[in-house]
Every structure is written in structure tokens, then in C-alpha cells.
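The values are calculated or read from the model by the stated rules, or taken from the named source; none is laboratory data. Since the model is a prediction, treat every value here as computed from it, not as a measurement. Counting neighbours? That spans all protein chains shown, and the Cβs are built from the backbone with ideal geometry, glycine included. Note: areas computed on protein heavy atoms with side chains; ligands, DNA, RNA excluded. Shrake-Rupley method; radii C 1.70, N 1.55, O 1.52, S 1.80 Å.
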Amino acid sequence: MQDWNTDYMFGYQFLNGCNPVMIKKCEKLPDKFPVTHEMVEGSLQRGYTLQEELKEGNIYIADYEILEGVTANKTNTPYYLTAPMCLLYKNRLDQIVPIAIQLTQHPGEMSPIFLPSDNEYDWMLAKMWVKSSDFNVHQLVTHLLKTHLISEVFEMAMYRQLAPVHPVYKLLIPHIRFTIAINAEAREKLVSKDGVFSKISSVSGAGMEEVMKKAMETLTFKSLCFPEAIKARGMEDAPKYYYRDDGMRIWEAIHCFVSDVVNIYYDSDEKVQKDVEIQEFVKDVSCFGMNDYDSNNFPKSLTTRVELAEYLTAVIFTASAQHSAVNFGQFDWYGWIPNSPSTMRKPPPIQKGQVDLKYIMKTLPDRDCSSMVLGTAWGLTRFQEHELFLGMYPDMYFTEQPAKEAIKSFRKKLDEVTNSIKLRNERLTMDYCYLSPDKIPNSVAI
């Protein structure tokens, strides 16, 4: 609440907030975002031109193009939606801060580029518009689609294609606990026609479907593989990106455990190729779960133990670590409404110098909407009463000793990660613990 309006805190959330997957390294400015050196010169600290800063790798971008043309929510109060772009800069303190914001995908007189040098309220409102768009993309795409619904696809294919005695069934079963149940609740209470989301969001019921359909067009299996996803956004060397640092260590721990299990039950690649259940499981996910008959976004078969290990790592990581990273920070970041308004009641400004605090208050969600956001965010960040965290397998589906040893080794690695995160957090002003293994539930269960 004290720092929400600072540029530093705004930028920090792109790295370690609820939606740490929108920010990308920017090597060339898109034509639709015509920021000039003169506009941002006052924000650049190294004495370089904007072009030089781009070459040096100090410029990042968050683009909400996915919201372009999406139907806004007009059920009770008319709400407004836009598709902003935000340019960010790594300053000399290694902070990521915003240096330019355009509130639409179409530059021109009616879509000015807002800057930190503009008056206080223009800049404040421009940042609020970005965060409001971020809220909607986070909830529908990063959270609902890419953790809840994707995990359900894997779960359904597992039940349909793998026998309960199959080692991969035993490996995955703890990581799909309660997922269908929580998704049924979400469909009924959150994203239904009269659900909570239709009351607190700028996106209409039809718009929700539009956004998720657009997201499905670019969804690939590789985008579920954490190291690949970080690399695709050019974020390998971004400073203070704890989501990346902790995520990499958890991915490695899960991958190591899964590889151990795969190698126990498959002594050759040929065994993987001849395992009809595994091949049908993968095909079911691709062809029926993802409707991916024609393209190759999701593999339709697996030929090696290495491929099988990566595939199963992605399934487990998505259901556990990725869901944890994008779910359990919601009350922290959405509990203070101006920081991430779920909806906007006034249209985006089309010129500078027209905004005051009164206008901003009329733009922000009203009291009813705000209290609903608070209640929802609080509810979604509670753990289950008897929560099982990553690596906790009390049901012991595996009875063979080598598999039990692999689980023991996995738990030891996770304990090491937990301890190193704890040590790191002691040195931080604001700790990052959404990816601490002792706080990562095994499955999408809330």
C-alpha cells in the first residue's frame, strides 16, 4: 500500500508478481509502438540512446495484444477494456521500471504515449490501465487456462489411457488430486454466465472465450517447459527475477526425479516406443484434449526416455510449481485495488492533461466490485485443510524399493531448495516465497 504507485514497484510485479510471464526482452521496437529517444531520454541513466539501450539488452516490453478487439463487459455498469503496451528499462540499480505506455495497439493522435515525465495523474492512470489489463490476462490465460484447464486435460487422458498399475499413473496421480473438482467449481461459480468473474472483470462472458481461444492458438508443449519458456522471452539474465531463479531449481529437481523413475521402469528407448498406454496417453492429450490434430504444438507420440521424462516433468511442474507461482500471490497483489484494478469504469484517456484524482476514482472499481475482488482473491490463496505439498506422497503408490529411493532423493533436493530460498529471502526487503517447495501444493486444488 505504501509503494504501489512507485515505478519500481510497478516494474517489480512484472518479474515477481501474480503474472510473471508477460515481460519479454525487447531488441527492436514494434512499429505499432513508436517510442523515440527524445520521449524517454530523461528515463535512461547510462548516457546511451534508446537504440543503444535496446542493443545492450536493457529494454523490456509487455504487450497485451491478446485483448485487442475483445468484447468488453457491459452487464451492469459499462466497463472498458483496452490492449496496452508498456516499455520497461533496466536502470543502474538493476530495477525494471516503466518508461513508456501506449494504451492501444494503434498509435496516433487519439492514442498518446504516456511517459514518467507527464503529470502525476496521467502517468498514474496509464499504469493502472496496464495493471487492469494484466489482471484480466492473468486470470483467464496464465492462471485458468495454462494451469487449471491444462492440468485437467492431462488428468482426463491419464484416467482414460493408463491403468492404475502403470508406473506413470502412479507418478502422476498425486499431481492431479482434486483438479477436476476445483475446475467444476470454477466453471459453476467463477467463469459461468453469472459467475464472480463476470461481475468483477472488464471482459464479457463472450470475451472470456475469445481471449482463451486466442491464447490456445499460440499454446505449445514447449511453452509448458519452464527453461524453454524463459528462453523464448529472452529473460535468462534479467536481474532480481526470483520466479525464474526458483522455478529453474524446482524444474531441475522434478526433472531429476522423473528421469530416475523413467529409467527404473524403462531400460531402453524401445520400451517407451512399445508402451501402448503411454503412446495413447500422449495422443489423447494432443488430439482430444488440445484438439491439435493437424499442427505439431503437442507431441502425438514419444520415442525416447528423455522425451518421456521432459513430458512428465512439464505435467507435474504445471500442476504444482507453475500454479503456485500464479495463484498464491493474488491476495498480496490484488488486495490493494488501485494496484491492480480488475475493471475500469471510464474509457482510456485519448489525450494528456485531462485527468485528475476525481476522474481516477470514478475509473476504479466501485465498492461492491472491490469487495468481491477481495473476497475472491483471499479465498483463492488459502491452502486446503490437509494440503499435500510438493514431494509429499503419503499414499505410497510405488512399492518397489528403487522408486522409493528416488522419492527420498527428490525430497532431499526439495529441502535444499527450500533452505536456500529461505536464506535468500532473509536478505531481501520483500521476500519471494510462492515457489518455495514447502509452499507448493502437489496439484491444482484451489
> For region 73-91, what are the residues that are open to solvent by 20 Å² or more (accessible area, probe 1.4 Å), in contact with a strand residue (DSSP E or B) (Cβ under 8 Å, 6 or more places away or on another chain) and either without any contact (Cβ under 8 Å) to a residue 12 or more places away in the chain or not aromatic (Phe, Trp, Tyr) (or both)?
Replying inline: Pro78, Leu81, Lys90
>> Taking the conditions exactly as written (in contact with a strand residue (DSSP E or B) (Cβ under 8 Å, 6 or more places away or on another chain) and either assigned to a helix (DSSP H, G or I) or open to solvent by 50 Å² or more (accessible area, probe 1.4 Å) (or both)), does Val211 satisfy them or not?
In response: yes
> So, in region 92-120, of the ones that are in contact (Cβ under 8 Å) with a residue 60 or more places away in the chain and among the small types (Gly, Ala, Ser), which residue ends up farthest from Asn16 (Cα to Cα)?
Replying inline: Ser111
>> Can you tell me which residue is least open to solvent (accessible area, probe 1.4 Å) among those in region 302-333 that are more than 15 Å from the chain's Cα centre (by Cα) and closer than 29 Å to Ala72 by Cβ?
In response: Phe331
> Can you name every residue in region 412-424 that is within 22 Å of Met392 (Cβ to Cβ) and either open to solvent by less than 50 Å² (accessible area, probe 1.4 Å) or touching a residue at least 12 places away in the same chain (Cβ under 8 Å) (or both)?
Replying inline: Lys413, Leu414, Asp415, Val417, Thr418, Ser420, Ile421, Lys422
> Hey, any hits in region 16-29 for a residue that's touching a Lys or Arg at 6+ places or on another chain (Cβ under 6 Å) and part of a helix (DSSP H, G or I)?
Replying inline: no
> So which of Ser133, Ser117, Ser198 is under 30 Å from Pro34 (Cβ atoms) and either open to solvent by 20 Å² or more (accessible area, probe 1.4 Å) or in contact with a Gly (Cβ under 8 Å, 6 or more places away or on another chain) (or both)?
Replying inline: Ser117
> When the residues of region 146-189 are filtered to those that are farther than 12 Å from Ile446 by Cβ and in a loop (DSSP other than H, G, I, E, B), which remaining residue is most open to solvent (accessible area, probe 1.4 Å)?
Replying inline: Val165
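Listed here are the residues, each with its yes/no results for (1) open to solvent by 60 Å² or more (accessible area, probe 1.4 Å); (2) aromatic (Phe, Trp, Tyr); (3) closer than 19 Å to Ser201 by Cα; (4) at pLDDT 95 or above.
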site	(1), (2), (3), (4)
Lys32	no, no, no, yes
His37	no, no, no, yes
Tyr60	no, yes, no, yes
Ile66	no, no, yes, yes
Leu93	yes, no, no, yes
Met128	no, no, yes, yes
His138	no, no, yes, yes
>> Out of the strands (runs of 3 or more DSSP E) lying entirely within region 52-127, which hold 1 or more residues that are touching a Cys at 6+ places or on another chain (Cβ under 7 Å) and within 21 Å of Lys346 (Cα to Cα)?
In response: 96-102
>> Step by step: first the residues of region 378-419, then only those that are under 18 Å from His175 (Cα atoms) and of a type in the set (A, V, I, L, M), then the one that is nearest to the chain's Cα centre (by Cα). Which residue is that?
In response: Leu390
> Looking at (1) in contact (Cβ under 8 Å) with a residue 60 or more places away in the chain; (2) open to solvent by 80 Å² or more (accessible area, probe 1.4 Å), can you tell me which one Arg233 breaks?
Replying inline: (2)
> In the list Pro348, Pro299, Pro365, which residue meets the criterion of being touching a residue at least 40 places away in the same chain (Cβ under 8 Å), more than 21 Å from the chain's Cα centre (by Cα) and more than 22 Å from Ile101 (Cα to Cα)?
Replying inline: Pro299
>> Tell me the residue from Gly57, Gly69 that is small (Gly, Ala, Ser) and more than 30 Å from Cys369 (Cα to Cα), please.
In response: Gly57
> Do you know which residues across region 393-404 are in contact (Cβ under 8 Å) with a residue 60 or more places away in the chain and either open to solvent by 40 Å² or more (accessible area, probe 1.4 Å) or under 19 Å from Val444 (Cβ atoms) (or both)?
Replying inline: Tyr393, Asp395, Tyr397, Glu400, Pro402
> Pick from region 98-112 the residues that are open to solvent by less than 20 Å² (accessible area, probe 1.4 Å) and among the aliphatic types (A, V, I, L, M): which of them is farthest from Tyr64 (Cα to Cα)?
Replying inline: Ile99
